[in-house]
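Comments concern the structure below.
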């Protein structure tokens with residue numbers, strides 16, 4: 001089965017009409033409100049309603065939980081660990097002493113990044129909407145028939161590639 005990527009412009013996202021079929025596999029679906037994975041740490045994403053079948057809806061809810069975990073815990077923890085590690089490394093260099101603390105903190109930052117990458121690769125499905133620069137939404141790996149229905153129902157929606 002051929003797959004496409006849907007690109008939804010920012011202005012078209014508010015007035016979306018969609019067929020009652022899942023973006024994941026084309027089976028019958030119900031609407032689910034999700035917050036797109038955002039491109040910026042400092043700007044809050046708007047909620048968008050998209051159709052998903054019950055199994056995919058559960059995966060989307062888990063992905064939303066991972067996004068909250070990333071935003072509220074992992075992201076700030078990485079920032080704190082890197083800042084403390086940089087300060088302790090600078091202090092060790094200025095005092096010409098050896099300390100294990102900078103190396104432990106670098107290892108902790110790598111572990112946090114590994115956990116974040118693992119969660120992103122294993123828990124977040126490819127159909128989870130991602131916010132691009134400029135506010136457009138990108139939904140990858142949509143079945144071709146479903147993507148064609150979306151494009152026919154919404155004039156602003158187009159098929160795209162990751163580099164568009």
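Could you tell me whether any residue of region 45-53 is in a strand (DSSP E or B), at pLDDT 80 or above, surrounded by fewer than 16 Cβ atoms within 10 Å (Cβ to Cβ) and touching a strand residue (DSSP E or B) at 6+ places or on another chain (Cβ under 9 Å)?
Yes: one or more hits.
Hey, any hits in region 108-124 for a residue that's surrounded by 14 or more Cβ atoms within 10 Å (Cβ to Cβ), outside any helix (DSSP H, G or I) and in contact with a helix residue (DSSP H, G or I) (Cβ under 8 Å, 6 or more places away or on another chain)?
yes
Which one is modelled with the lowest pLDDT, of the residues in region 23-38 that are under 22 Å from residue 121 (Cβ atoms) and outside any strand (DSSP E or B)?
Among residues in region 23-38 that are under 22 Å from residue 121 (Cβ atoms) and outside any strand (DSSP E or B), the one modelled with the lowest pLDDT is 38.
Can you tell which of 89, 41, 94, 72 is surrounded by 13 or more Cβ atoms within 10 Å (Cβ to Cβ) and either more than 14 Å from the chain's Cα centre (by Cα) or modelled with pLDDT under 85 (or both)?
That would be 89, the only listed residue that is surrounded by 13 or more Cβ atoms within 10 Å (Cβ to Cβ) and either more than 14 Å from the chain's Cα centre (by Cα) or modelled with pLDDT under 85 (or both).
For region 108-120, indicate whether the set of residues that are without any contact (Cβ under 8 Å) to a residue 12 or more places away in the chain and under 30 Å from residue 157 (Cα atoms) is non-empty.
Taking every residue of region 108-120 in turn, at least one turns out to be without any contact (Cβ under 8 Å) to a residue 12 or more places away in the chain and under 30 Å from residue 157 (Cα atoms).
Loosely packed, with under 11 Cβ neighbours inside 10 Å, under 20 Å from residue 149 (Cβ atoms), out of contact with any strand residue (DSSP E or B) (no Cβ under 6 Å at 6 or more places or on another chain) and modelled with pLDDT of 80 or more - does that describe any residue in region 2-9?
yes
Quick check on region 127-140. Is at least one of its residues surrounded by fewer than 17 Cβ atoms within 10 Å (Cβ to Cβ) and touching a strand residue (DSSP E or B) at 6+ places or on another chain (Cβ under 7 Å)?
No - not one qualifying residue is present in region 127-140.
The values are calculated or read from the model by the stated rules, or taken from the named source; none is laboratory data. Note that the coordinates shown come from a computational prediction; the quantities given were computed from them, not determined experimentally. Methodologically, a virtual Cβ is constructed for each residue, glycine included, from the backbone with ideal geometry; neighbour enumeration extends over all protein chains shown.
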